[in-house]
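The structure under discussion appears below in the form of structure tokens.
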Amino acid sequence: MFKIQEIREIIKLVDSSSIDEFVYEVDGAKVKLKKNNVVVTETVAPKKEVVAPVVQQSAPAEAPAVTPAPAKEEAPATAAPSVNDPSLHKIVSPMVGTFYQAPNPDSPAYVKVGDKVGDETIVCIVEAMKLFNEIEAEVQGEIVEILVKDGDLVEYGQPLFLVKAE
């Protein structure tokens, strides 16, 4: 079982970092933190479950509920490219890890929407277990959409970019 001080320290570390989600498991106890205006701490023991939610403020929690409505109205008007569009090539994550658009926080992104890429153009980094893996486009074309935000956790096979192949 985790001590309250340990959980507080983990919350502080995650809050001051650029990651949005953190999971830590040891001896059957698990702590999971998500950082999107709400921090939720969940501790699970082998036979006993304890949930301790920590909410920052009510005002930021309400903001996301209001924001998506205009986005839905704009989506049909802009006709954004679809992940299911067969004419677009998907650059997918070859592993589970954290997605980064740039080599470090002070550098510009490897690519942005509208950029032309070649087979060996590095488009992003996926960090897995403190190893930074450069992801190449593996196709020639133009970046149409970036499907993941900087610092998001990605799964194996998850689409990261849509490319209009040449």
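Structure values in brief
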item	result
Residue satisfying all of: in the stretch 84-113; without any contact (Cβ under 8 Å) to a residue 60 or more places away in the chain and in a strand (DSSP E or B); farthest from GLY157 (Cα to Cα) among these	TYR100
Total residues in the stretch 148-166, condition under 10 Å from VAL92 (Cα atoms) and within 15 Å of the chain's Cα centre (by Cα)	8
Unique match (being at pLDDT 80 or above and surrounded by 11 or more Cβ atoms within 10 Å (Cβ to Cβ)) among VAL23, VAL44, VAL31	VAL23
Test for GLY141: is it surrounded by 15 or more Cβ atoms within 10 Å (Cβ to Cβ), under 19 Å from the mean Cα position of the chain (by Cα) and among the small types (Gly, Ala, Ser)	no
Scan of the stretch 108-119 for residues that are farther than 16 Å from LYS149 by Cα and either in contact with a Cys (Cβ under 9 Å, 6 or more places away or on another chain) or open to solvent by less than 70 Å² (accessible area, probe 1.4 Å) (or both), ordered by number	GLY114, ASP115, VAL117, GLY118
Residue list for the stretch 114-140, restricted to those being farther than 18 Å from SER18 by Cβ and assigned to a loop (DSSP other than H, G, I, E, B)	GLY114, ASP115, GLY118, ASP119, GLU120, THR121, ALA137, GLU138, VAL139, GLN140
Neighbours by Cβ (under 6 Å, 6+ apart or cross-chain): first from the stretch 1-26, more than 21 Å from GLY97 (Cβ to Cβ); second surrounded by fewer than 16 Cβ atoms within 10 Å (Cβ to Cβ)	MET1/ALA29; MET1/ALA45; PHE2/ALA29
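The values are calculated or read from the model by the stated rules, or taken from the named source; none is laboratory data. As the structure is a computational prediction, the values presented were derived from the model and not from experiment. Cβ atoms come from the backbone with ideal geometry, glycine included; neighbour counts cover every protein chain shown. The accessibility values were calculated without ligands, DNA or RNA, using every heavy atom of the protein model including side chains. Shrake-Rupley method; radii C 1.70, N 1.55, O 1.52, S 1.80 Å.
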